[in-house]
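*Asks:* Okay, here's the structure, questions in a sec.
The values are calculated or read from the model by the stated rules, or taken from the named source; none is laboratory data. Remember, predicted model here, so these are calculated numbers, not experimental data. Heads up, the Cβs are rebuilt from the backbone with ideal geometry, glycines too, and the neighbour counts pull from every protein chain shown.
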């Protein structure tokens, strides 16, 4: 019995580390004999601003209950995103879900988040500070959030690429610096 308040405090402390953003709320009507019954569907993105993010969908008769359900679903389905210097992507990625297509590009420091509404919510909650994104095709927030998550899942860190190829991370980083120096030299000529 004495353990229960401590468990609740631990859960609240764990929940307080997450930032949640309400992306979209949809009101739906069910026509019944007496008139219409309204329900609400909520799309929520949750993240810790340190590289973990998740999204959830909740439906209920009241808005706060739908948001609570969506937030819980988002916390259950979180993914980890590898960030370069804790602020941007390691490389450009494409993602798609249904008719929603997104392109995410790494950006230099100070660029900020250049993205539309649903994607911006994902980037803010994951803790990304510099990214350029473009959505193509569908503007449906559900498809855009899922396409953004598809792109973030396709992103690899240099550590995982080096492990897969059997190389050292420093070797990969050196190749990247050489390629960047070659591009600068080519642009100057």
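*Asks:* Please pick out the residue among 115, 66 that is under 16 Å from residue 144 (Cα atoms) and either touching a helix residue (DSSP H, G or I) at 6+ places or on another chain (Cβ under 9 Å) or touching a residue at least 24 places away in the same chain (Cβ under 8 Å) (or both).
*Replies:* Exactly one of 115, 66 is under 16 Å from residue 144 (Cα atoms) and either touching a helix residue (DSSP H, G or I) at 6+ places or on another chain (Cβ under 9 Å) or touching a residue at least 24 places away in the same chain (Cβ under 8 Å) (or both), namely 115.
*Asks:* Checking the structure you have, find out if any residue of the stretch 39-54 is out of contact with any helix residue (DSSP H, G or I) (no Cβ under 9 Å at 6 or more places or on another chain) and surrounded by fewer than 16 Cβ atoms within 10 Å (Cβ to Cβ). Full working, then the answer.
*Replies:* We begin by selecting, within the stretch 39-54, every residue out of contact with any helix residue (DSSP H, G or I) (no Cβ under 9 Å at 6 or more places or on another chain); these are none.
Within the stretch 39-54, not a single residue is out of contact with any helix residue (DSSP H, G or I) (no Cβ under 9 Å at 6 or more places or on another chain) and surrounded by fewer than 16 Cβ atoms within 10 Å (Cβ to Cβ).
*Asks:* If you don't mind, another one. Return a yes/no flag: does the stretch 155-162 have any residue that is touching a helix residue (DSSP H, G or I) at 6+ places or on another chain (Cβ under 6 Å), at pLDDT 90 or above and crowded, with 17+ Cβ neighbours inside 10 Å.
*Replies:* Checked against the condition, which is being touching a helix residue (DSSP H, G or I) at 6+ places or on another chain (Cβ under 6 Å), at pLDDT 90 or above and crowded, with 17+ Cβ neighbours inside 10 Å, the stretch 155-162 yields no hits at all.
*Asks:* Within the stretch 25-36, identify whether any single residue is surrounded by 18 or more Cβ atoms within 10 Å (Cβ to Cβ), within 23 Å of residue 119 (Cβ to Cβ) and in contact with a helix residue (DSSP H, G or I) (Cβ under 9 Å, 6 or more places away or on another chain), and answer yes or no.
*Replies:* Residues of the stretch 25-36 surrounded by 18 or more Cβ atoms within 10 Å (Cβ to Cβ): none.
Checked the stretch 25-36: no residue is surrounded by 18 or more Cβ atoms within 10 Å (Cβ to Cβ), within 23 Å of residue 119 (Cβ to Cβ) and in contact with a helix residue (DSSP H, G or I) (Cβ under 9 Å, 6 or more places away or on another chain).
A quick yes/no check of all residues on (1) outside any loop (DSSP other than H, G, I, E, B); (2) more than 15 Å from the chain's Cα centre (by Cα):
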position: 71; (1), (2): yes, no
position: 74; (1), (2): yes, no
position: 86; (1), (2): no, no
position: 104; (1), (2): yes, no
position: 109; (1), (2): no, yes
position: 118; (1), (2): yes, no
position: 121; (1), (2): yes, no
position: 124; (1), (2): yes, no
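*Asks:* Kindly establish whether residue 74 is closer than 26 Å to residue 58 by Cβ and in the same structural domain as residue 18 (by TED's automatic domain parsing). Working first, answer last.
*Replies:* Details: closer than 26 Å to residue 58 by Cβ: yes; in the same structural domain as residue 18 (by TED's automatic domain parsing): yes.
In short, yes.
*Asks:* Determine whether the stretch 152-168 contains at least one residue that is outside the structural domain of residue 58 (by TED's automatic domain parsing), within 23 Å of residue 18 (Cα to Cα) and not in a loop (DSSP other than H, G, I, E, B).
*Replies:* For the stretch 152-168, residues outside the structural domain of residue 58 (by TED's automatic domain parsing), within 23 Å of residue 18 (Cα to Cα) and not in a loop (DSSP other than H, G, I, E, B): present.
*Asks:* Hey, another quick one. May I ask you to verify whether residue 97 is within 25 Å of residue 25 (Cβ to Cβ), more than 12 Å from the chain's Cα centre (by Cα) and either at pLDDT 90 or above or surrounded by fewer than 18 Cβ atoms within 10 Å (Cβ to Cβ) (or both)?
*Replies:* Details: within 25 Å of residue 25 (Cβ to Cβ): yes; more than 12 Å from the chain's Cα centre (by Cα): yes; either at pLDDT 90 or above or surrounded by fewer than 18 Cβ atoms within 10 Å (Cβ to Cβ) (or both): yes.
So residue 97 passes the test.
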